[in-house]
Amino acid sequence: MEALITRTDGLMFVILLMVAFSLWLQRYKVFKSLGPVLTVVVFGIILSNTHIVPISHDVYSMLSTYCVPLSISICMLSMNLTELKKLTKEPVLALISAISSVCLVAIVLGIFFAPRIVEGWKCAGMFVGTYTGGTPNLTAIATGLDCSRETLAAANAADYVVSTPLMVFLFAAPMLMKASKKWNKFWPYQFSKDELEEGDKEPLMSDKKWSIRDIAWLLTIGFGITFVTTAFSQAVFPESFWKAGRLLLLTTVSICVAQLKPVQKLRGNLDLGLFISLTFLSTIGFAVDLQQFIGSAFMMTMYVLCMLVGCILLHLVICRLLKIKYEYVVLSMVGCIVDGPTSSLTAAGANWKSLINVGLIMGVLAGAAGNYVGIFVAYTVRTICGL
């Protein structure tokens, strides 16, 4: 059966409508818990399976080619390395523990799950990316590893099924820990009330006004970095690795450019990067076959569940042995699993005023590291399993 809308301009209208509507729905708790990424993917599945849009089209490939690297570069432009001086020894150790735990558990479990999942070794890298920096890293690594759209959609679904209830728990964790006498006896390493109330009342990256100049320069810089790194990667790296190599190079160059003072004055990079990535992610659901999707997503969900439980337990053990304050432990987990702004909001919600900026920085660092460790874990699992 032929799809109702097949023209390029019609499909672009549908895609942008999906993105705009998904962002608008975030005002409601149900859709906020799902997030805009899963929302647009679900819309895509509905539209393609009801034959409103085609399963494949040239415009989908075009969006994949240009939107993904551009969104990665623009998001990385928020990385200000001078903020590292605000981190002391304990939050750095907590962040290293969180990232290392995710990588180690993903590799160990990947030996079992990867051969049983389509493109399983790629999924291992994708899940490491998303749990060391959030959903944008999952998409970035999927593109770097040339993952199929069906696998990417299933991975996003598995991620949200498991991580959403976990995030609800992490948001409630500060109050539960504070009220639990057993927890305070087991983990006596924590800040005093006076120490937590010192600091700024607003997150480091609070809402700011945009200007058309900011958008113009962010797009120009993003496309410029994408052009240079893509051309270099195709010329230097072998065909089987150039996309992964480009991802690593793109991340590195973007972080270096982000240290320039004129670039640091630009506003709205995270929001613009999210919007661009959503235009690509909206097409992911179009290619999903529901029967194959459900089967793949189930095995991936088990992988994600075991992985999150394992890495959190390992992270807690390491931090307890190192006598790290539990506030840093919570913020490092939120920063890795979601992102820096959410970690900052977690600190603000718990009234940890002195840790609001620290939580943000931890999350931004985790996001920058996610692309590197995700690629490393993917190829490690592939080598071990002989895939």
Query raised in the report: So which trypsin sites (Lys or Arg not before Pro) in the range 1-64 end up in coil per DSSP with only 12 or fewer other C-beta atoms within 10 Å?
Result: Arg7
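Can you check what the net charge comes to around Leu16, using other residues whose Cβ is under 15 Å from the Cβ of Leu16 (Lys, Arg +1; Asp, Glu -1)?
Numbers: positive: Arg7; negative: Asp9.
Charge balance in the 15 Å sphere: 0.
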Query raised in the report: Let a ≥ b ≥ c be the square roots of the eigenvalues of the Cα gyration tensor of the range 47-141; is it rounded (a/c under 1.5), or, if not, prolate (a/b larger than b/c) or oblate?
Result: oblate
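How about the range 75-120: which trypsin sites (Lys or Arg not before Pro) there lie in a loop by DSSP and see at most 14 other Cβ atoms within 10 Å?
Numbers: sites: Lys85, Lys86, Lys89, Arg116; in loops: none.
Listed in order of number, the matching sites amount to none.
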Query raised in the report: Remind me, what semi-axes does the range 7-81 give for its equivalent ellipsoid, largest first in whole Å, using sqrt of 5 times each Cα gyration tensor eigenvalue?
Result: 24, 20, 10
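Can you give the longest stretch of the chain with no exposed loop site, where a site means GluC sites (Glu not before Pro) in a DSSP loop (not H, G, I, E or B) with at most 12 other C-beta atoms within 10 Å?
Values: sites that count: Glu2, Glu198, Glu239.
It works out to 3-197.
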Query - Solvent exposure, largest accessible area first (probe 1.4 Å, DNA, RNA and ligands not counted), of Ser100, Ser282 - result: Ser100, Ser282
Query raised in the report: Taking the alpha-carbon centroid of each part, what is the distance from the range 226-261 to the range 350-377 in angstrom?
Result: 22
Query raised in the report: Along the principal axes of its C-alpha atoms, what lengths does the range 138-282 span, in descending order and rounded to whole Å?
Result: 60, 38, 28
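Tell me the chymotrypsin sites (Phe, Trp or Tyr not before Pro) within the range 1-69 that lie in a loop according to DSSP and have at most 10 other beta-carbon atoms within 10 Å.
On the way: sites: Phe13, Phe21, Trp24, Tyr28, Phe31, Phe43, Tyr60, Tyr66; in loops: Tyr28.
Listed in order of number, the matching sites are Tyr28.
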**Report entry** Set of lysines near Lys209 by C-alpha distance (under 28 Å), chain-local residues within fewer than 8 positions excluded
**Finding:** Lys29, Lys32, Lys85, Lys86, Lys201, Lys261, Lys265, Lys353
Query raised in the report: Between Gln234 and Trp24, how many nm apart are label points set 7 Å from Cα along the C-beta direction?
Result: 3.9
Query raised in the report: In nanometres, what is the gap between the two model label sites at Ile46 and Val92, each 7 Å from Cα along Cα-to-Cβ?
Result: 4.9
Query raised in the report: Using bins 10 angstrom wide from zero, how does P(r) for the range 64-203 break down, in % of all Cα pairs?
Result: 9, 29, 33, 21, 8, 0
Query raised in the report: Within the chain, which DSSP H helices have Cα atoms that stretch 20 Å or more along the helix axis and a mean Kyte-Doolittle hydropathy of at least 1.6?
Result: 8-24, 89-113, 290-321
Query raised in the report: Relative contact order, percent, of the chain when contacts are C-alpha pairs under 8 Å separated by at least 6 residues?
Result: 36
Query raised in the report: Given the rule -39500 (n - 2.57) for each run of at least 4 DSSP H residues, summed and divided by the residues of the chain, what is its mean residue ellipticity at 222 nm, to the nearest 500 deg cm²/dmol?
Result: -25000 deg cm²/dmol
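The values are calculated or read from the model by the stated rules, or taken from the named source; none is laboratory data. Here the structure is a predicted model, which means the values were calculated and not measured. So basically every Cβ, Gly included, is an ideal-geometry build from the backbone, and we count neighbours across all protein chains shown. Remember, those area values only see protein heavy atoms, side chains included, never the ligands or the DNA or RNA. Shrake-Rupley method; radii C 1.70, N 1.55, O 1.52, S 1.80 Å.
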